[in-house]
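Please read the structure below before turning to the comments.
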Amino acid sequence: MISNINHVKRVMGNLSAKKKYGQNFLIDSNIVDKIAKNACDSNCLTVEIGPGLGGLTEMLLKYSKAVDAYEIDKDMYDILIDSIDDKRLNVYLEDFMDTDISKYQNQEIRVCSNLPYYVTTPILFKLFESTLNISKITVMVQKEVGDRFKAKVNSEDYNALSIIVQYLYDVKHEMSVPKNVFYPAPKVDSAVISFTPKVDRDAEFEKKFFSLVKNSFVMRRKTLHNNFKQFLDNETIEKIYTTLNLDKNIRAQELTLADFLKINELL
């Protein structure tokens, strides 16, 4: 079993976890097994981002048809391909952010990852904005990031990610994961969150809607009007405010998902 402290220390040898890649390895086999069992389907390919030493990878193979793993660190890549001998595993030494995921266009896939904290949001946006047939996304993220996914309007955690996620997915908090089950231990606790699609995807609609939402939050402390001025003309802004009867001092975090959908319809 890869997910234990003794194995991690042995295979790491003289290597150290790299902070620049956000490397914190899970060392609780029970948690790893629960994540994989919940995330996978035996008829689906699972895509894993940042497999590290392969603790989660090993369990994903147990419950999946096959696994494609993307690893940015050559040291981890070498350890992984030496540790797991399974023809159903494909390991790619590349940054997932640079990967052309359109190659999965014609198949149903699932995504599961212990996401590096420093790149959580960009990776999730890449997945959310794709039109792939991803039947479920299961990720471990920093607890405060997990809180944003179900954040309510006008709360501190409510942002563009909250709105886009709540439009696309049913979001479920699967489990809390304390920092002491990682090696090395991070400074914060984590959460496992799953996303199950709830709408039919429309690439053209989503491109415009997601752009509207993200641009509305670019300067979070500024009013919505100030953000709008960066990408809309005055006549269009006036039409939005008049039609929806918005206060000129309102901020993006005060608008609901329904409000943004109405603005998008006007545009």
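The values are calculated or read from the model by the stated rules, or taken from the named source; none is laboratory data. Since the structure is predicted, the reported quantities are computational estimates derived from the model, not experimental observations. Because the Cβ atoms are built from the backbone with ideal geometry, glycine has one as well, and the counts that use them run over all protein chains shown. Side chains are part of the model used for accessible areas, which takes the heavy atoms of the whole protein and leaves out ligands, DNA and RNA. Shrake-Rupley method; radii C 1.70, N 1.55, O 1.52, S 1.80 Å.
At a glance:
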| quantity | calculated |
| --- | --- |
| Total residues in region 217-255, condition open to solvent by less than 50 Å² (accessible area, probe 1.4 Å) and under 27 Å from the mean Cα position of the chain (by Cα) | 7 |
| Answer from D98, D78, D86, D82 - the residue that is at pLDDT 95 or above, closer than 24 Å to N6 by Cβ and open to solvent by 30 Å² or more (accessible area, probe 1.4 Å) | D86 |
| Helices (runs of 4 or more DSSP H) fully within region 157-267 counting 3 or more residues that are among the small types (G, A, S) and under 29 Å from L56 (Cα atoms) | none |
| Selected residue (criterion: nearest to K9 (Cα to Cα)) from residues of region 34-82 that are within 21 Å of the chain's Cα centre (by Cα) and β-branched (V, I, T) | T57 |
| Residue satisfying all of: in region 136-173; among the basic types (K, R) and open to solvent by 70 Å² or more (accessible area, probe 1.4 Å); nearest to R251 (Cα to Cα) among these | K152 |
